[in-house]
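Nothing in this text is a laboratory measurement; each read-out follows from the coordinates by a stated rule. Since the structure is predicted, the reported quantities are computational estimates derived from the model, not experimental observations. Here Cβ is always computed from backbone atoms with ideal geometry, including for glycine, and neighbour counts include all displayed protein chains.
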Amino acid sequence: MDKDPQRARPSYLPIQTKRAFEEVAEQIREQLSQGLLKPGDRLPPERDLAEQFNLSRNTVREALRALEMSGLLEFRKGATGGAFIREGQSDAVVSGFSDLYRLGFILPGDLAEARLLIGVEVTRLACQRATQTEYAELEANLDASEQAFADGDGKKRLVLNLDYHIILARAAKNPVLIILMEALNELIFSNLFKAPVHAENKKIVASRRRILKHMRARDEEKAVAEMHKHLTALRKHYKAQEQPEAVAPTGKAPSEA
């Protein structure tokens with residue numbers, strides 16, 4: 001159902017090219033740029049699109065799948081299903097980063113350097129923009145991390161440590177930084193999961209509690225300095241993953257990211 005009946009409806013032009021599916025995808029992207037399509041909107045049925053484009057349903061289907069792969073569309077099943085414009089997902093960025101990592105263009109040390117640069121600026125913005133709700137989320141995250149450490153649950157501890165950075169990014173109120181942080185987290189979780197266990201969880205949590213204390217006081221310089229120190233110390237851990245002998249055969253997760 002159209003959320004805004006007053007909004008102009010998108011329309012499409014017939015296509016006659018050898019790679020027609022690419023032009024279909026481009027027209028849909030252009031409708032997004034013009035505001036005729038917005039996140040959450042459902043595209044017309046495949047049959048109707050094929051008629052508007054004057055193409056076969058297979059060609060339209062190929063275009064829609066390409067847009068799904070790029071992260072612009074999602075398909076939902078059921079009577080109210082179909083092809084929908086996605087609501088601000090970072091899947092496409094994550095997928096692109098992961099492919100570059102597998103190809104060797106991104107190394108673990110590169111991840112650490114990027115995390116340092118982004119993490120410091122995220123902390124700076126979070127100091128200015130964080131709310132009491134986000135302070136409470138960070139506090140709860142640190143409490144849960146300590147509990148996971150006490151329970152010896154390395155995998156849960158890793159997930160919580162990665163979530164900590166996402167909460168900070170949300171507190172910074174910048175969607176680009178959130179997407180970049182999610183992409184970095186996915187790379188770390190997927191590709192560094194077999195790294196040696198990091199045993200200094202208490203020091204990690206203590207450092208993060210200091211960051212939170214400085215954030216509550218809106219002391220930007222102290223919070224940034226603590227985060228810089230915190231992430232700089234982790235670069236050795238990431239750098240070690242570039243050496244084959246650093247991968248542990250047990251498949252245990254590092255407790256920090």
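One Cα centroid belongs to the stretch 41-102, the other to the stretch 143-191; the line between them spans 29 Å.
Here 131, 123, 80, 59 are placed in order of increasing Cβ neighbour count within 10 Å, fewest first, which gives 80, 131, 59, 123. Taking amide H atoms as placed 1.01 Å from N in the peptide plane, the amide H of residue 41 lies under 5 Å from those of 85, each 5 or more residues away in sequence or on another chain. Residues whose amide H falls under 5 Å from that of residue 219, counting only those 5 or more places apart or on a different chain, are absent, with hydrogens built in the peptide plane. For the stretch 51-69, the residues whose backbone nitrogen is under 15 Å from a point 7 Å from the Cα of residue 29, taken along Cα to Cβ, are 63-69.
Placing +1 on each Lys and Arg Cβ and -1 on each Asp and Glu Cβ, with no other charges, gives the stretch 70-113 a dipole about its Cα centre of roughly 300 debye.
Using 1/(1 + (r/R0)^6) with R0 = 30 angstrom and r between the beta carbons of residue 9 and residue 190, what's the FRET efficiency to the nearest 0.05? FRET efficiency, residue 9 to residue 190: 0.15. In a fully extended conformation the segment linking residue 113 and residue 51 would gain 17.3 nm over its present Cα-Cα distance, using 0.36 nm per residue.
With a sphere of radius 14 Å drawn around the Cβ of residue 76, what net charge do the other residues whose Cβ falls strictly inside it have (Lys, Arg +1; Asp, Glu -1)? Walk me through the intermediate numbers first.
Numbers: positive: 42, 77, 86; negative: 41, 46, 68, 74, 87.
Result for the local shell: -2.
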